[in-house]
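Here the structure is laid out as structure tokens; the discussion comes afterwards.
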Protein chains: 2
Amino acid sequence: MTEKRPMNDAAQPILIVGSVAFDSIETPNGRADMALGGSASYAGIAASYFAKPRVVGIVGDDFEDHHMRKLSDHGIDVRGIERAKGKTFHWKGRYHENFKDRDTLETSLNVFQHFDPTIPEEYRRTPYVLLGNIDPKLQLSVLDQTQGTRFVAMDTMNFWINTARDALLDVLKRIDLLFINDEEAMQLADEWSVAAAAEKLLRMGPKFVVVKRGEYGAVLFGPRVTLFVPALLLSNVVDPTGAGDTFAGGFMGELSRSGDLDRAGLASALTWGTVLASFTVEAFSVDGIVDLTPEAIADRRKALVEMVRY
Amino acid sequence: MTEKRPMNDAAQPILIVGSVAFDSIETPNGRADMALGGSASYAGIAASYFAKPRVVGIVGDDFEDHHMRKLSDHGIDVRGIERAKGKTFHWKGRYHENFKDRDTLETSLNVFQHFDPTIPEEYRRTPYVLLGNIDPKLQLSVLDQTQGTRFVAMDTMNFWINTARDALLDVLKRIDLLFINDEEAMQLADEWSVAAAAEKLLRMGPKFVVVKRGEYGAVLFGPRVTLFVPALLLSNVVDPTGAGDTFAGGFMGELSRSGDLDRAGLASALTWGTVLASFTVEAFSVDGIVDLTPEAIADRRKALVEMVRY
């Protein structure tokens, strides 16, 4: 499967904990039913282009072999995906015509409701860790089970800011990088500008904050570094679901590949994450990122970098 | 006044037609009453850092000498500003806490209602022209009065898209560059993505379209060129009024200074326009851009470019 992980020779391992789900989605450009989704699926596949993802999640007995193969065929180590009695997490939603607003029609947590991530013994010393957007208490549990990590990133969302703020603040103290979207950054920091919010979030623990701004790109804030990456301008948006997870997975995959935590490494991670995310939104489910060639990815990154060459 | 036009030695002339107004504004960070505003004021002062603006507009007899001096002290040729009997255009508005949404509390067109721009004989061969956001019929009239222009840009807004679409489409056929914000671009093109909208707008006449995205920056689309510039990330936003006009004025000022209509010249214009606009939002009225030093402007451009150096 080397052709599916074009950037990756050394195959540095990266631990990714999150949801593996079925999504049923309607957008102005079509629909998908019970298609593979979840933060760990998107992040895992994106990271697999750069590194060797070890995914920890939970699925039900309706999660068939061909679903699992979509992940394992991509070089993802799926031994950490628990198979439980019951149904797989299912989310059903409908996007508005602007592709931004969406209505959740159904959220069936199913087996995910009892998810209590157990990190396999052989995963516990993985140097790079991505804590997907799950209950901060579970993120803390993962941190308690890992040792000697080099760089830990987390993703979160408004639901946890509203319902589990204290645990979330505890996680923030123990991680290196926070992925968060702009509205949520301002909500969590109680500030009205992204810059002021990021400054405040940095004082809460993480060394870096990456503010995701959807179709506008992303900004990384850190000590003596502010980096901006625009999103690719796509005229063929099909389904934005998973773009943020893909971005985080691509970012962390590239970071673990290069091992460079300085400005250049972070900038590189930002751009590759953005490129991967641009493919995700062009198709339903993970279809946009399962069959990418090294050339397709490199071409798009070239276009991205060219846009900001002054 | 050379210290107020730091980049400018040759002082290439640029013709700017638009509103000169008084604004009364409330934002979460304060208020200003009857302060100098209007698209031509912002654009003129911004352009004056790079070129010699010739402003055409109209004011009432309440427009005092000290107001006019704010413009003329900046090297702006104000002979084209007509003084009419009556009051100056007055806009009163209040911004919401997010600094994006705003309510118009009062719009008194006053003398602006009868504005029929007469381009002074000595302005008619100005090579660079910026048609501010006014009635497209007046923009056409300006075009009819000019000769041998090298590069004409226009700004517009939803009001004209809704009420004067045909005239607006006529202007589009006769200009080189359209400034428009993202929502209005999608509205005018009847498309749901910025990329698709820009593609369609380019087929309507202009060689270039610059989509303004507020705090997210701007994108220039043209033949074989797509350029992206992020906005500066400011934690001290006071009043966003005039940011778009400042951006357009800075852009066109720098373009007329360099005379370079290729990729490098356009990129340079984008960045300087963005830098000037960032100063505008840090104060009420034109206060943020009247006293800039070359060093302050250059420092901020350096920070801007550094954000996208990968």
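The values are calculated or read from the model by the stated rules, or taken from the named source; none is laboratory data. It should be emphasised that the depicted structure is a prediction, and the values quoted were computed from it without experimental measurement. FYI the Cβ positions are ideal-geometry reconstructions off the backbone, even for glycines, and counts take in every protein chain you see. Heavy atoms of the whole protein, side chains included, go into the accessibility calculation; ligands, DNA and RNA do not. Shrake-Rupley method; radii C 1.70, N 1.55, O 1.52, S 1.80 Å.
Points to keep in mind about this one:
- The chymotrypsin sites (Phe, Trp or Tyr not before Pro) of region B:18-126 include none that meets both criteria, a DSSP state outside H, G, I, E and B (loop) and at most 13 other C-beta atoms within 10 angstrom of the site's C-beta.
- The helix-based estimate of mean residue ellipticity at 222 nm for chain A, built from -39,500 (n - 2.57) per DSSP H run of four or more residues and divided by its residue count, is -10000 deg cm²/dmol to the nearest 500.
- Nearest-first distances (nm) between copies at residue B:103, label 7 Å from Cα via Cβ: 2.8
- Label 7 Å beyond Cα on the Cβ vector: residue A:29 copy-to-copy distances, nm: 3.8
- Rolling a 1.4 Å probe across the protein heavy atoms gives the protein assembly as shown an accessible surface of 39 Å² per residue.
- Taking each of A:100/B:302; B:200/B:302; A:302/B:212; A:302/B:100 in turn, the alpha-carbon distance tops 25 angstrom for A:100/B:302; B:200/B:302; A:302/B:100.
- The dipole here belongs to region B:1-152: it is taken about the Cα centre, uses +1 on the Cβ of Lys and Arg and -1 on the Cβ of Asp and Glu, and is about 360 debye.
- Computed from backbone phi, the HN-Hα couplings of region B:293-310 come to 8, x, 5, 4, 5, 5, 4, 6, 5, 4, 4, 5, 5, 4, 4, 10, 8, 9 Hz, rounded to whole numbers (Karplus: 6.51 cos²θ - 1.76 cosθ + 1.60, θ = phi - 60°; Gly and Pro given as x).
- Overall form of region B:158-310 per C-alpha gyration tensor (a/c, 1.5; a/b vs b/c): prolate
- Note that chain B shows a convex hull volume over its alpha carbon atoms of 125 Å³ per residue.
- GluC sites (Glu not before Pro) lying in DSSP loop within region A:1-102, provided at most 14 other Cβ fall within 10 Å: A:64, A:97
- Magnitude of the charge dipole, region B:103-164, Cβ model with Lys/Arg +1 and Asp/Glu -1, debye to 20: 320
- Accessible surface ranking that places the most exposed of A:144, B:73 first, with a 1.4 angstrom probe: A:144, B:73
- Reach of residue B:87 by Cα under 22 Å, taken over lysines that are not fewer than 8 positions away in the same chain: B:70
- For the protein assembly as shown: rounded, prolate or oblate by the Cα gyration tensor [a/c cutoff 1.5]: prolate
- Karplus 3J(HN,Hα) series, Hz, for region B:136-142 with 6.51 cos²θ - 1.76 cosθ + 1.60 (x for Gly, Pro): x, 5, 6, 4, 5, 4, 4
- Neighbour-limited loop hits for trypsin sites (Lys or Arg not before Pro), region A:160-246 (at most 12 other Cβ within 10 Å; DSSP other than H, G, I, E, B): A:173, A:203, A:224
- Partners for residue B:207 among lysines (Cα-Cα distance below 20 Å; same-chain residues under 8 apart left out): B:173
- Residue A:114 label point (Cα plus 7 Å toward Cβ) to equivalent points in the other copies: 8.2 nm, shortest first.
- Förster radius 41 Å - calculated FRET efficiency between residue A:207 and residue B:262 (Cβ-Cβ, nearest 0.05): 0.50
- Rounded to the nearest 20, the size of the Cβ-charge dipole of chain B about its Cα centre is 840 debye, with Lys and Arg at +1 and Asp and Glu at -1.
- Under-5 Å amide H pairs with residue A:14, H placed in peptide plane, nonlocal only: A:52, A:54
- Relative contact order computed over chain A (Cα-Cα under 8 Å; 6+ residues apart), in percent: 19
- Database remark: amide H of residue A:37 closer than 5 angstrom to the amide H of A:21, A:22, A:23 (H placed geometrically; neighbours at sequence offset of 5 or more, or on other chains; Pro and chain starts carry no H).
- Considering only B:180, B:205, B:195, and ranking their Cα positions along the charge dipole of region B:157-216 that arises from unit charges at the beta-carbon of Lys, Arg, Asp and Glu, the one farthest toward the positive end is B:205.
- All other residues whose Cβ lies under 13 angstrom from that of residue A:197 are scored, Lys and Arg at +1 and Asp and Glu at -1, for a net of -3.
- Calculated P(r) of region B:75-188 - Cα pairs past 16 Å, %: 68
- For the protein assembly as shown, with all protein chains in place and a probe radius of 1.4 Å, 46% of the accessible heavy-atom surface sits on carbon or sulfur.
- Furthest towards positive pole of dipole, B:16, B:41, B:114, structure part region B:1-124, Cβ charges: B:16
- Peptide B:224-230 has a mean of 6 when you count, residue by residue, the C-beta atoms of other protein chains within 10 Å of its C-beta.
- Shape category assigned to region B:131-215 from the gyration tensor of Cα positions, a/c cut at 1.5: prolate
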